[in-house]
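Colleague: After the structure tokens below, expect a handful of questions from me.
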Amino acid sequence: MAERSSIVSMVVQNLHIQDQHPPEEAKRSFWDYLLVSPDHPSCLKYFRSPVSIRRERERQLEMSMFVIHPFSTFRKWYDLYLIYLYISTLITKSLDHGFSRRTHYERLTAYSVYTGITDILFVVDIIINFFTGYVTSSQTIELRRRFIARHYVFGNYFFCDVLSSIPKKSNLHPPSQPFRIEGNSLLIYTFVVVFTVVHWMACLQYGVPRIIRLYLLQEGQNQTWYFKQDIQNETLHMQYFYAFFKSTAYIFGARIIVLMKDSLPEEYILGIVTYFTGKVVIGSAWIVLAVAIVNSRSTRTKLFAIICQLNEYMKRKHLPQSLTDKITQYYHYNYQGQFVNDELISGLLSTRLRKEVKMHLCKSLTESVLIFSYLSPSELFDVVQHLKPEIFLPNDVIIQHGTFGDSMYFLSSGTVAVYSSAGREVCHLQDGDYFGEVSLISKGQLRTTTVLAIEVCQVYRLERKMFETCLFQNEKVRERMVAEVNRRMALTTLVDEEYKRILFEKTFQTIERPGETASK
């Protein structure tokens, strides 16, 4: 364990060194691509501060040094590459099956070579998925390879991924690799589904009559629609162009009687199947799209209505622009683009469920605050139930020097600056730190420092009564907090004395200068 910890610390240090020799720089870049990155679009939903991102990097290195984080730079670009691979596979594999002219003695076409390459790429994708972490149902990141493999094998995609990587000659190839899409790109998803149906029907329009007449019946090929259109000797692109518009006409019901006139039985049946398939797909796509838009937009619509009311309220009250911007920023940060009535939902839960939800929401806080580790599970449970969440924007004063203190704060995310009574900066506090406990421990003591938010901070406030009954009764916590209070007060006093010394020296030098001038 000691050797592994040293390796982890060495790697973490290498990640923060900028000037390196080429081999070391390449190694650092390699780890940067695999570790969690703030540039990933979903990273800030789970890690809201640089400190939490750094801790997640260290956790990933300690847990497994060869696991790809789902929010890494590599995964961000790899997901974009997979979208291209899936779409191109849906197109090329159907083209290869429907329009391929090769026999056992002919050379492979470019489409056949490409499908062979995609088979290999899908095998590589399976291997990568065994080394990529995932987000659990409890919104945590799982990075243990044993659990990653179990989740992937027994998940929804492993079977389809294996089938998609089987070569064509095995006759077990699935119709297509499932198109995975995340987020709110429903319009793109709907377009891809409709286009895929039209594309596959186009391949069937040409492939079914050709297979039946050329290979099964071995007669009547000159009666097929593509012979009548005289495109049997045209290029693949021209044949696909005709078949694509023929299937589009069937799907949208345009000129069906004209198209089916003098058709072969298999063409007639295929036309009817294409028509009804198109109607079902298009109807289903519209229904799914409408329901999904309504469901996904409901919380956004509510937030938009509230923001409109808020803007009208601020306009009527003639609030200054600076205050208006702060209020708007607070709403956007607090609701994250979607309005959810937390009080209404929690009110519908039982008391026990509300407490369990509160424990889950404060899980990262309880794990990062050191004094909470001294509490028993029951004591920690009681403390968490009395924590009240608050959000402070940049430059907000959280506590003010010289005021009465009735509560202390635990910093869940963000960074705050601590200033002495003389206005000198003492230190910065980050995730897992706490402040405001001095006036609670020393009764009658006013606030000794001013705490200012440097960035958007999410804190949890604990009132004096709950502090005395739930937290300060624990002997280990009391000893730890008293020692921390003495250390902080000593540091604040030292900063103030140093500032006074500097002021005295500047004042003394100013007094001496007129005397020196008069003597000269």
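The values are calculated or read from the model by the stated rules, or taken from the named source; none is laboratory data. Everything quoted here is computed from the prediction, not taken from an experiment. Virtual Cβ from ideal backbone geometry, glycine too; neighbours counted across all protein chains shown. These area figures cover heavy atoms from the full protein model, side chains too; ligands, DNA and RNA do not enter into them. Shrake-Rupley method; radii C 1.70, N 1.55, O 1.52, S 1.80 Å.
Colleague: Among the GluC sites (Glu not before Pro) in the stretch 205-281, which ones are in a DSSP loop with at most 15 other Cβ atoms within 10 Å of the Cβ? Mind listing them? Don't skip to the end; give the middle numbers.
Modeller: On the way: sites: Glu219, Glu234, Glu266, Glu267; in loops: Glu219, Glu234.
The qualifying sites are Glu219, Glu234.
Colleague: Right, next: Report the extension gain between Thr248 and Ile306 in nm, rounded to one decimal, defined as 0.36 nm multiplied by the number of residues separating them, less their alpha carbon distance.
Modeller: 16.4 nm
Colleague: Separate question: Full-extension gain between Lys506 and Val280, please, as 0.36 nm times their residue separation minus the C-alpha to C-alpha distance. Let's see the in-between values first.
Modeller: Working: separation 226, 0.36 × 226 = 81.36 nm, distance 8.51 nm.
Taking 0.36 nm per residue and subtracting the Cα distance, the gain is 72.9 nm.
Colleague: Roughly how many debye, to the nearest 20, is the charge dipole of the stretch 319-451 about its Cα centre, given +1 on each Lys and Arg Cβ, -1 on each Asp and Glu Cβ, and no other charges? Kindly include the intermediate steps, with their values, before the conclusion.
Modeller: Details: 10 positive and 14 negative charges, 37 e Å.
Taking the Cα centre of the stretch 319-451 as origin, the dipole is about 180 debye.
Colleague: Residues in the stretch 260-291 near a label at Lys228, defined as backbone nitrogen under 18 Å from the 7 Å Cα→Cβ point?
Modeller: 260-275
Colleague: For labels at Ser138 and Asn156 in the simple 7 Å Cα→Cβ model, what's the distance in nm?
Modeller: Each label point is offset 7 Å from its Cα along the Cβ direction, giving 2.3 nm.
Colleague: Which length gain, in nm to one decimal place, applies between Ile293 and Val124 when the Cα-Cα distance is subtracted from 0.36 nm times their residue separation?
Modeller: Details: separation 169, 0.36 × 169 = 60.84 nm, distance 3.49 nm.
Length gained, Ile293 through Val124: 57.3 nm.
Colleague: Moving on to the next point. Using a probe radius of 1.4 Å on heavy atoms only, what accessible surface per residue do you get for the stretch 428-490? Whole Å² is fine. Could the numbers behind the result be given before it?
Modeller: Working: 2920 Å² over 63 residues.
Result: 46 Å² per residue.
Colleague: So how far apart, in nm, are the two label points at Glu463 and His428 if each is 7 Å from Cα heading toward Cβ?
Modeller: The answer from the label model is 3.4 nm.
Colleague: Also, quick follow-up: Can you tell me the FRET efficiency between Leu323 and Ile117 if r is taken as the Cβ-Cβ distance and R0 is 45 Å, rounded to the nearest 0.05?
Modeller: Numbers: r = 59 Å, r/R0 = 1.32.
Calculated transfer efficiency: 0.15.
Colleague: May I ask you to evaluate 6.51 cos²θ - 1.76 cosθ + 1.60, the Karplus curve with θ = phi - 60°, for each residue of the stretch 474-484 and list the ³J(HN,Hα) values in order in whole Hz, giving x for glycine and proline?
Modeller: Coupling constants for the stretch 474-484: 6, 5, 5, 5, 4, 4, 5, 5, 5, 5, 5 Hz.
Colleague: Moving on to the next point. Report the one residue of Gln205, Tyr215, Ile345 whose Cα lies farthest in the direction of the positive end of the charge dipole of the stretch 197-353 (charges on C-beta: Lys and Arg +1, Asp and Glu -1; origin at the Cα centre).
Modeller: Ile345
Colleague: Collect residues whose amide H, placed 1.01 Å from N in the peptide plane, falls under 5 Å from the amide H of Arg48; neighbours closer than 5 in sequence don't count.
Modeller: The list, which skips near neighbours in sequence, is empty: none.
Colleague: Still on this model: Pairs of lysines 8 or more apart, or on different chains, with alpha carbons under 28 Å: count those in the stretch 373-520, would you? Show your work: numbers first, answer last.
Modeller: Details: Lys388/Lys443; Lys388/Lys465; Lys388/Lys476; Lys443/Lys465; Lys443/Lys476; Lys443/Lys500; Lys465/Lys476; Lys506/Lys520.
Value for the stretch 373-520: 8.
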